[in-house]
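See below for the structure under consideration.
Rule-based calculations on the coordinates, nothing more; no lab input. In this text the structure is predicted, and so the values were computed from the model without any measurement. Neighbour counts run over all protein chains shown; Cβ positions are idealised from the backbone, glycine included.
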Amino acid sequence: AQSVTQLGSHVSVSEGALVLLRCNYSSSVPPYLFWYVQYPNQGLQLLLKYTTGATLVKGINGFEAEFKKSETSFHLTKPSAHMSDAAEYFCAADGGATNKLIFGTGTLLAVQP
Amino acid sequence: DTAVSQTPKYLVTQMGNDKSIKCEQNLGHDTMYWYKQDSKKFLKIMFSYNNKELIINETVPNRFSPKSPDKAHLNLHINSLELGDSAVYFCASSLTDLSYEQYFGPGTRLTVT
């Protein structure tokens, strides 16, 4: 069964620094992959998604992610962190034969001034 | 014009009570979901309906009963509430049951005392 692993439950960066949030999936067949962001006391908002085609995917708010089949990874990056990026980030993958989304355990991003 | 809305946003109740959470989407999507997010932010799917038909029913106590009067609405009724039911419950929708891109509501924070 598909599983999604997010390394680092808490990541802290300085404003203006590179943001790197890690995500790995388990299936041998490349799944559809998603990053969602959850701001405090809000629902999840889709940041970006990978289905097929170009492996570098650009999303909202300056985020991008690269699908690397050889590493079964879909890490999220942003060149320069902003205070408003502080939130919980969830990586998700499709569940294969099921129509479920499988979520990672989330990474809380803190941005220091 | 909120895409996925939930009511109420907060729900505080005592053990043993019965309560309902309502969800509506105005995106014209066929598929709707209920998720539970625990205190550690872990997101787990509970149910999914496609065109008013139940298609995902995870291992959830039968005190939880979803109802979909039409494809734009998915309600969650919980009987005999327990302390462990305290969580944030999210409703979501997707275009079809084969679409993994899901749109989330703002969540309902349920506190059982």
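Selection among A:S73, A:G43, A:Q112 by position relative to the dipole of segment A:35-113 gives A:S73 as farthest towards the positive end (Cβ unit charges, Cα centre).
Between A:S26 and A:S3, the built amide H atoms are under 5 Å apart, and every one of these is 5 or more places off in sequence or on another chain.
Starting from the Cα of B:N26, move 7 Å in the Cα-to-Cβ direction to define the label point; list residues of segment B:84-113 whose amide nitrogen is under 14 Å from there. No residue qualifies, since no backbone N sits under 14 Å from the label point.
Inside 10 Å of the C-beta atoms of B:99-112, what's the mean count of C-beta atoms belonging to other chains?
On the way: counts 3, 14, 8, 6, 4, 7, 3, 4, 5, 0, 1, 0, 0, 0.
If you average over the peptide's residues, the count of other-chain Cβ atoms is 4.
With the charge dipole of segment A:1-85 set up from +1 on Lys and Arg Cβ and -1 on Asp and Glu Cβ about the Cα centre, the Cα lying farthest toward the positive end among the listed residues A:S14, A:Q2, A:N61 is that of A:Q2. Shape summary: chain B maps onto an equivalent ellipsoid whose semi-axes, from the alpha-carbon gyration tensor, are 22, 14, 13 Å in decreasing order.
Considering only alpha-carbon pairs that sit under 8 angstrom and 6 or more positions apart, the relative contact order computed for chain B is 37 percent. Per-residue 3J(HN,Hα) values for segment A:80-87, derived from phi via the Karplus relation 6.51 cos²θ - 1.76 cosθ + 1.60 with θ = phi - 60°, read 9, 6, 10, 3, 6, 7, 4, 5 Hz in sequence order (x marks Gly and Pro). Remark: mean inter-chain Cβ contacts per residue of A:39-46 equal 5, using a 10 Å Cβ-Cβ cutoff to other protein chain atoms.
Tell me the Kirkwood hydrodynamic radius of segment A:32-75 in angstroms, computed as one over the mean inverse distance between distinct C-alpha pairs.
Kirkwood radius, segment A:32-75: 11.1 Å.
Peptide B:47-59 has a mean shielding of 1, counted as Cβ atoms of other protein chains within 10 Å of each residue's Cβ.
Put simply, the protein assembly as shown fits an ellipsoid with semi-axes of 30, 21, 16 Å; these come from the alpha carbon gyration tensor as the roots of five times its eigenvalues, largest first. Only Cα sites of chain A enter the Debye sum here, all with the same form factor; the resulting log10 I(q)/I(0) across q = 0.10, 0.21, 0.22, 0.24 1/Å is -0.26, -1.13, -1.23, -1.42, listed in q order.
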